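Asks: Mind having a look at this structure? Questions to follow.
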Amino acid sequence: MKRIIRHRRSLGAALALSCMSPAQAAETSSVTLYGLVDLGTTYERRDGQSSLRQKSGNQSGSRWGLRGAEDLGNGYRAVFRLESGFNANNGTQAQGRLFGRWAYVGLAGGFGEVRLGRQWVYGFEWAGVGSPFGTGWGQASNNASLAYNDGDFGAGGRVNNAVFYATPRMNGWQAGLGYSFEAHDNDAFATDAHDRVLTAGLRYNGGPVAAALTYERLNPNAQQPNKKTAGNLQVAGSYDFDWIKLHGTYGNLRNANTGPSAGYDKVNSFIAGVTVPTGKSSSVLASVQRATGSDITGWALGYEYDLSKRTNLYAYVNRVGIRESHTLQTSVGIRHQF
């Protein structure tokens, strides 16, 4: 997502302090509750049919989560994150499970961070810098033409049963490597009876420049002989001139098994966009994207106005075409972060 949660509240401090001395309390880490609620009115017109409804997660997926760390001494910390997506319009779970967005535990220190559990592939987590809409804003998202979330590399770009390692940031650079023993929910016994996913990334963030190079590879379930070994390369970046921010992305998908590019041996994707500040509290966003081979095209225009550091209004209109099918989408809503 383009903007990360900026306000958090620590839980359990009163209970912890009541049971410990000041020295002991200083060594104990807190658990943090955070979240985001995004709700708006959305109109869509697709292939001659139209829909007007209230919709959750237009700019960013609604969620709540718990994040924590325990100081183990000598610079080491135990870390965890449990994050649940939900639909704010009706209160139901968004990913079909309690902690569908993140669910991991790990160890962090000067060496970097190792995490075990349900996590995002790097093509999802790091490549949002290449579009003004990042991985949100409805079908203006970069996933309209990129393939990290089409299903080959985990449902929605999230993989189960994964181990990830990320280096510490060094002069703006960071690298990461992850492997999923089973990207979905298959509980078969044999190792080769699973969809195994490799994900890797390298990113840089310094001054006006942000960039990311990511790669995913699917080693498919051997019991599905028609399923191909898929690969997904993405290069994304942005440059901020203060008065305008430029974004660009290139994607190369091979042998897609699922999603709108399924059945195509090679698909090249391109995204170009701008973010233009229109005042201290507002911005205009615009982008175009295209995927060759699978014949996906799209354009988008958005507006964001900050009411405070944690609450903003948004509006957008976009249109995506997938071969003969075309969808026009527009939405107006409010997003609050806590």
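Asks: Would you pick out the residues in region 260-301 that are of a type in the set (G, A, S), without any contact (Cβ under 8 Å) to a residue 60 or more places away in the chain and either over 22 Å from E324 (Cα atoms) or in a strand (DSSP E or B) (or both)?
Replies: Answer for region 260-301, where residues must be of a type in the set (G, A, S), without any contact (Cβ under 8 Å) to a residue 60 or more places away in the chain and either over 22 Å from E324 (Cα atoms) or in a strand (DSSP E or B) (or both): A272, G279, S281, S282, S283.
Asks: To continue, here is another question. Taking region 62-80, which residues are open to solvent by 30 Å² or more (accessible area, probe 1.4 Å) and outside any strand (DSSP E or B)?
Replies: Result: N74, G75.
Asks: Pairs, please: C-beta under 6 Å, at least 6 apart or cross-chain, first residue in contact (Cβ under 8 Å) with a residue 60 or more places away in the chain and part of a strand (DSSP E or B) and in region 186-201, second open to solvent by 40 Å² or more (accessible area, probe 1.4 Å) and aromatic (F, W, Y)?
Replies: What qualifies is A200/Y215.
Asks: Give region 230-250 a look and list any residue that's charged (D, E, K, R) and without any contact (Cβ under 8 Å) to a residue 40 or more places away in the chain, or say none.
Replies: Answer for region 230-250, where residues must be charged (D, E, K, R) and without any contact (Cβ under 8 Å) to a residue 40 or more places away in the chain: D240, D242.
Asks: Within region 37-56, which residues are out of contact with any His (no Cβ under 7 Å at 6 or more places or on another chain), open to solvent by less than 60 Å² (accessible area, probe 1.4 Å) and touching a residue at least 40 places away in the same chain (Cβ under 8 Å)?
Replies: Of everything in region 37-56, those that are out of contact with any His (no Cβ under 7 Å at 6 or more places or on another chain), open to solvent by less than 60 Å² (accessible area, probe 1.4 Å) and touching a residue at least 40 places away in the same chain (Cβ under 8 Å) turn out to be D38, L39, G40, T42, E44, K55.
Asks: Going residue by residue through region 242-253, is there one that turns out to be under 23 Å from G40 (Cα atoms), at pLDDT 95 or above and in contact with a helix residue (DSSP H, G or I) (Cβ under 7 Å, 6 or more places away or on another chain)?
Replies: no
Asks: So which residues in region 226-259 are surrounded by fewer than 19 Cβ atoms within 10 Å (Cβ to Cβ), polar (S, T, N, Q) and assigned to a loop (DSSP other than H, G, I, E, B), if there are any at all?
Replies: Passing the criteria: N226, T229, T258.
The values are calculated or read from the model by the stated rules, or taken from the named source; none is laboratory data. Predicted model only: the values in this text are computed from it and were never measured. Positions of Cβ are generated from backbone atoms using ideal geometry, with glycine treated the same way; all protein chains shown enter the neighbour counts. These area figures cover heavy atoms from the full protein model, side chains too; ligands, DNA and RNA do not enter into them. Shrake-Rupley method; radii C 1.70, N 1.55, O 1.52, S 1.80 Å.
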